[in-house]
Amino acid sequence: MIKYLKQAALIFIIGLFLFTASGCETAENGMEQGDVPAPNDDESRGEIVVSGKTFTEALTLGYLTAFLLEDRGFDVIDEVGLAEVALIRPALESGQIDIYWEYTGTGLMNIMGHDEVVTDPRECYELIRDWDLENNNLVWLDYAPANNTFVIFTSPELAEEHGWTKISEIASYISAGNSLKLATAAEWTERADGLPNFEAHYEFEFPRSDLVIVELGLAYQAVATGQADIGNGDATEGRIAQYNLLVLEDDKMFFPAYNPAPVVRGEILEAYPEIADIMKELSVLLDLETLTDLNKEVAVDGEQPEAVAMKFLIENELIE
């Protein structure tokens, strides 16, 4: 599957017509789920199951990983776009998948259960890295510079009308008895770093009747079209620029650091320690501007995440 996607992406990017015929056969090898296969020939380092979450950025990160590892000699099984954290994390722990990108803040707050906000990227990373290694034999590889934290945004017109630049000003406005419709995904209303603790931190209460529950990624459009007054989303989302939305300052520093990092099973890294250096070549390139641009190419420009990932890897000479 990965090899097919890699071909298709190359055709899309460089405009070459490729005609190949290939076949592959698989056989049962009697291995239990979660076992680490040994490298089976000189051309392949071994089999690795690459996965990822379902939203735009996660899909792109997943394909960046899949194409890169395949180019470096691994037999990649494509499970990109598998599920969100409630399902994909158990899949990693049980050995159904071998590697996916997770966010440091999600790991700290939602997986580790840390009850204090950590806004420093390095501190956040080290806390979840050390805990996960000790308790689950899961290894957090080097994180990307981009901090894809949650943000609260509104339209420039509404912000100018009320003089809003900070989240605390929104909180005060609602506390005074005013109504604002908030567009958000259902997940954020339940997360440890979501609405309930957000309200407690900013000392206000958001009427649940004013919530506009939307699918992941649709809050930006909801605010832009007037279905909601404010929205909750991601700092690296390309649709913030597309719809000319204004991100409000998190002036009381509620949202923790959310740097993406590849998380890999310890058994896999023990068998193939070179994965750490391979993934570092990629992660160091993913700053806020770069990740936002990649998201925009998919979410706004309509390109496929597979094609965007392949183009990035080629342009940055990570693969030939």
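The values are calculated or read from the model by the stated rules, or taken from the named source; none is laboratory data. As the structure is a prediction and not an experimental result, all values here were calculated from the model. Virtual Cβ from ideal backbone geometry, glycine too; neighbours counted across all protein chains shown.
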Legend entry - Filtered residues of region 106-164 (kept if closer than 28 Å to D229 by Cα, over 15 Å from the mean Cα position of the chain (by Cα) and in a loop (DSSP other than H, G, I, E, B)): V117, T119, S155, G163, W164
Legend entry - First in region 67-80 and part of a strand (DSSP E or B), second anywhere and of a type in the set (S, T, Y), Cβ under 6 Å, 6 or more apart: D75/S44; E79/S51
Inset, instruction - Quick one: in region 273-292, of everything that is out of contact with any Leu (no Cβ under 9 Å at 6 or more places or on another chain) and modelled with pLDDT of 95 or more, which residue is surrounded by the most Cβ atoms within 10 Å (Cβ to Cβ)? - result: T290
Inset, instruction - Check whether at least one residue in region 98-119 is surrounded by fewer than 20 Cβ atoms within 10 Å (Cβ to Cβ), in contact with a strand residue (DSSP E or B) (Cβ under 8 Å, 6 or more places away or on another chain), touching a residue at least 40 places away in the same chain (Cβ under 8 Å) and not hydrophobic (A, V, I, L, M, F, W, C), and report yes or no. - result: no
Legend entry - Unique residue being outside the structural domain of G95 (by TED's automatic domain parsing), at pLDDT below 95, closer than 22 Å to N244 by Cα and loosely packed, with under 14 Cβ neighbours inside 10 Å when the list is E215, E161, E157: E215
Inset, instruction - From A58, A91, A86, grab the single residue that is surrounded by fewer than 19 Cβ atoms within 10 Å (Cβ to Cβ) and under 15 Å from the mean Cα position of the chain (by Cα). - result: A86
